[in-house]
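**Q** Below is one structure. I have some questions about it.
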Amino acid sequence: MDFAFTPEQDAIRDTAERFARHRLAPGYQDRARAGRLDRDLVREMGSLGLIAPDLPEAYGGLGVDGVTGGVVVEAVAHGDFQISYVQLLGALVGRIVCDYAGADLAGHWVPKVVAGEALIGLGLTEPRGGTDAANLKLRAVRDGDAWRINGEKTSISFSDQADVFVVFARTGAPDSGARGVSAFLVPGDAKGLTRSRFNDFGTEAVGRGSLFFDDVTVPAANLMGEEGGGFYQVMRGFDYSRALIGLQCIAAARASLDETWAYVQEREAFDRPLAQFQGVSFPLAEGEALLTAARLLCYETLWLRDRGEPHTDKAAMCKWLAPKVSVDTIHDCLLTHGHAGYSTDSPHQQRLRDVIGLEIGDGTAQISKLIIAREKIGNAAVQYR
């Protein structure tokens with residue numbers, strides 16, 4: 001078993017770390033306060049190959065493996081957790097477009113996403129809830145050589161900034177469950193599509209809100225994959241995105257922990273550095289151990305994915321464990337800085353608020369634990385009415 005990265009992975013990590021350190025970290029909180037992504041910065045990230053590098057070279061990606069994708073998202077998130085959403089959604093949603101959209105659609109949109117010229121969003125969650133993702137109400141009806149879409153999506157990242165969305169809608173009977181869900185590519189400027197933005201606790205530069213579809217019409221060619229196959233397309237992608245999310249969160253916690261180790265060596269109390277007090281150093285040591293364990297789990301999950309081996313349970317473990325450990329670690333770092341850590345000038349409070357969002361998005365702790373149990377004992381873990 002080899003835990004070392006390849007020379008190629010080291011090289012792309014070095015590029016990503018330099019970009020994160022010099023271009024992202026200094027403006028992290030300013031971009032959050034502005035409430036928008038800096039599109040020039042996104043394009044710069046794309047020019048360096050740091051957006052969805054695992055997508056095929058034919059579409060502008062680097063064609064690298066999932067582990068390398070994890071290396072990139074981890075490095076970027078260390079500098080700016082929020083802008084790492086560009087990489088996350090580019091990898092997750094861009095892959096769906098690559099694999100299931102027609103060649104013309106994929107050839108138009110995916111290179112733009114990879115280059116940072118376009119932001120892509122995922123329209124899955126609805127107002128009635130996100131956990132029961134197969135029970136969708138948004139309706140798409142065939143109308144000649146087009147589809148008409150009506151309804152609402154909510155809790156959508158990049159809701160008011162994305163240039164295009166992959167949207168999941170019911171095309172089958174109301175009681176058809178997952179088998180009646182299809183995926184469509186919907187441009188952000190489609191007639192009849194309106195958007196809102198929520199006033200969220202964190203990830204302000206990303207933005208989250210609702211999409212309202214009022215007879216939004218897209219060509220029949222914008223149906224991706226087979227009719228009724230959309231739900232299974234996105235569920236397969238979540239095993240990948242959950243490992244990337246784990247690394248996003250761990251990177252933010254690692255940034256706070258690195259800063260706090262330096263702080264406790266410089267700051268004194270009772271004529272001694274804070275680092276000499278076990279009540280200060282032990283919580284940080286615990287954070288080191290737990291972040292290391294969660295990080296290894298994320299990379300093992302990506303390694304299994306690259307080998308084509310089952311990893312659904314491991315992905316769910318990543319999604320539950322990494323955000324929890326990261327929130328706890330950042331919280332400890334904030335408290336260690338005292339009143340200074342509580343100030344909005346501190347990056348710790350920003351990271352804490354940002355990471356908490358991913359204790360919810362892409363699967364709550366409860367659904368993650370259910371997936372783990374189901375993978376171990378099958379339907380015995382599922383309660384039926």
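The values are calculated or read from the model by the stated rules, or taken from the named source; none is laboratory data. The structure displayed is predicted, hence computed values, not measured ones. Because the Cβ atoms are built from the backbone with ideal geometry, glycine has one as well, and the counts that use them run over all protein chains shown. SASA here: full protein model, heavy atoms, side chains in, ligands and nucleic acids out. Shrake-Rupley method; radii C 1.70, N 1.55, O 1.52, S 1.80 Å.
**Q** Take the residue pairs Lys153/Lys369; Lys191/Lys314; Lys112/Lys324; Lys191/Lys369; Lys191/Lys324; Lys137/Lys319 and return only those whose Cα atoms are more than 31 Å apart.
**A** Violating the 31 Å Cα-Cα cut-off are Lys191/Lys314; Lys112/Lys324; Lys191/Lys369; Lys191/Lys324.
**Q** A follow-up question, please. What residues of segment 55-94 lie in the reach of a label at Ala11, counting those whose backbone N is under 16 Å from a point 7 Å from the Cα along Cα→Cβ?
**A** 62-65, 68-69, 72
**Q** Let me ask something else about it. Hey, any idea what Rg/Rh is for segment 129-213, computing Rh the Kirkwood way over Cα pairs?
**A** Radius of gyration over Kirkwood radius for segment 129-213 works out to 0.99.
**Q** If you stretched the chain out fully between Ala381 and Asn199, how much longer would it get, using 0.36 nm times the residue separation minus the C-alpha to C-alpha distance?
**A** Values: separation 182, 0.36 × 182 = 65.52 nm, distance 3.67 nm.
Result for the pair: 61.8 nm of gain on full extension.
**Q** Further question on the same structure: For segment 283-385, build the convex hull from the C-alpha positions and give me its volume per residue in Å³.
**A** Roughly 121 Å³ of hull volume per residue.
**Q** Are there chymotrypsin sites (Phe, Trp or Tyr not before Pro) in segment 194-233 that DSSP puts in a loop and that have at most 11 other Cβ atoms within 10 Å, and which ones?
**A** Passing both the DSSP loop test and the Cβ count: Phe201.
**Q** When the accessible area of segment 286-385 is split by element with a 1.4 Å probe, what percent falls to carbon and sulfur?
**A** 57
**Q** Residue farthest toward the positive end of the dipole of segment 20-173, with Cβ of Lys/Arg at +1 and Asp/Glu at -1: which of Gly129, Ala106, Ser84?
**A** Towards the positive end, the residue furthest out is Gly129.
**Q** In addition: Where q = 0.12 Å⁻¹, what log10 of I(q)/I(0) comes from the Debye formula for segment 1-159, counting one point per Cα?
**A** -0.60
**Q** Give, to the nearest whole percent, the P(r) tail of the chain beyond 28 angstrom, counting all Cα pairs.
**A** Numbers: 33498 of 73920 pairs.
Percentage above 28 Å: 45.
**Q** Now a separate question. Can you show me the helix-derived [θ] at 222 nm for the chain, built from DSSP H runs with n ≥ 4 at -39,500 (n - 2.57) apiece and divided by the number of residues, rounded to the nearest 500.
**A** -16500 deg cm²/dmol
**Q** Using only the alpha carbons, work out the radius of gyration and Dmax of segment 206-266 in angstrom.
**A** Considering segment 206-266 through its Cα atoms, Rg and Dmax are 20.6, 63 Å.
**Q** State in Å² the accessible area per residue of segment 59-211; use a 1.4 Å probe, count heavy atoms of protein chains only, and round to the nearest integer.
**A** Value returned for segment 59-211: 34 Å² of accessible area per residue.
**Q** Turning to a different aspect of this structure: For segment 337-385, what does the accessible surface come to per residue with a 1.4 Å probe? Please give it in Å².
**A** 62
**Q** Could you pull the Cα extents of segment 189-229 along its three principal axes, largest to smallest, in whole Å?
**A** 38, 23, 14
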